[in-house]
Amino acid sequence: MIFQLLVLATSVLSAPLDPRATTTCVVTSYAGFATCASSTSIHIKGPITVPANEVIDWSGLKSGTEVLLSGTVTFTKGTLKESGPKLITVGGSGITFKGDPTDPGILDGQGASYWDGKGSNGGVPKPKFFRVETTGTSVFSNFKILNAPVQAFSIGGSDTTLEHITYDNSAGDSKGHNTDAFDVSANGITIQNSWVHNQDDCLAVNSANTVNFLNNICIGGHGISIGSVASGAVVENVLVKNCTVQSSTFGVRIKTDYGATSGSVSKITYEDITLKDISTMGVVVRQDYENGDPVGKAVSKLPISDVTLTNVHGTVTSSADSVFILCATGECTEFTWSEINITPKKTSCVGVSPTGC
Ligand SMILES: *[C@@H]1O[C@H](CO)[C@@H](O)[C@H](O)[C@H]1NC(C)=O
């Protein structure tokens, strides 16, 4: 008791001397997420179980809050819907959310208890996992997302980096569906040095200005995508560099909605991309998506322009197209192709200039 009083006295006395000193609020149970939400230094110390139909709402963290994650946080299966709250939401300016270097921390979504092969198209309701709505040079790094029910990261906000993220949904290869890794509708987002094994897009950029996707490995899913871009949406300045896509249906792709009447996709660069065992199409650009599926005829007033593909190489399976382009006449322009070496070569290019096929 005397010792504790001394410690207390010391910290009170030392506080004015060191303005940076903050007491870390430690979360060791679900209730702690609410208790610590107004602290600027938080340690999530698993194991922690989040009860069914409860979520972590940290949408309003204080500016500059630092969060450290260690151990495992398990989200009990519930009945929240894809359109409802995400299992965890983090928002605020200048936030850092980092795994402990010696025990990086796992967020376990218990995907296997939801997966029914239907994803967001039906079956049991499935919540999205992680909503990022941070701004002002925020960083998420060095932790693992395990077994997301459906989409993993829904990224809004701006000026945020996600790095050294592991997203392991490999257990869902037979029944997981729509388990996108990073869905981006935000400006100034960098995603780098991360590893993904899932069953849908590794990256899907729907509406954004300035997205960098660097040094990432994508396994098992639908590749690195812009879109589907809906009528009226604008995607500009996307750089995808030094990434590997393997055992996936597509390598790199740009897809926009059939019949779009406005919007644009421009300044897109895919550089130093390795493809391995791509089963449908290595490179694909198409303007014929309707309700999530291609219809086979491109009709569009949503131009795709200034697209650079440099050093895109590797393999597709024997039945796959190495390059497939289906654009409305005059709507895919300023394509710059160099060092495209995808084998076996089988190409189909309609409506793009210059053609590159
Ligand atoms: C390219 O990405 C891989 C991970 O996929 C990484 O190990 C490597 O260091 C990166 N290379 C450069 C030049 O950044």
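The values are calculated or read from the model by the stated rules, or taken from the named source; none is laboratory data. These numbers were taken from a predicted model, which means no experiment stands behind them. Note that each Cβ is placed from the backbone with ideal geometry, even for glycine, and that neighbours are counted across all protein chains shown.
Structure summary
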item: Count - residues of segment 205-224 that are in contact with a Ser or Thr (Cβ under 7 Å, 6 or more places away or on another chain), within 16 Å of the ligand (Cβ to nearest atom) and not in a strand (DSSP E or B); result: 4
item: Only listed residue being in contact (Cβ under 8 Å) with a residue 40 or more places away in the chain, within 16 Å of the ligand (Cβ to nearest atom) and among the small types (Gly, Ala, Ser), chosen from Gly251, Gly227, Gly259; result: Gly251
item: Criterion violated by Lys175 - all others in (1) crowded, with 24+ Cβ neighbours inside 10 Å; (2) closer than 18 Å to Asn121 by Cα satisfied; result: (1)
item: Qualifying position, being small (Gly, Ala, Ser) and surrounded by fewer than 17 Cβ atoms within 10 Å (Cβ to Cβ), among Gly123, Gly109; result: Gly123
item: Unique match (being over 18 Å from Ala204 (Cα atoms), under 23 Å from the mean Cα position of the chain (by Cα), assigned by TED's automatic domain parsing to the domain that holds Asn215 and crowded, with 24+ Cβ neighbours inside 10 Å) among Val265, Val312; result: Val312
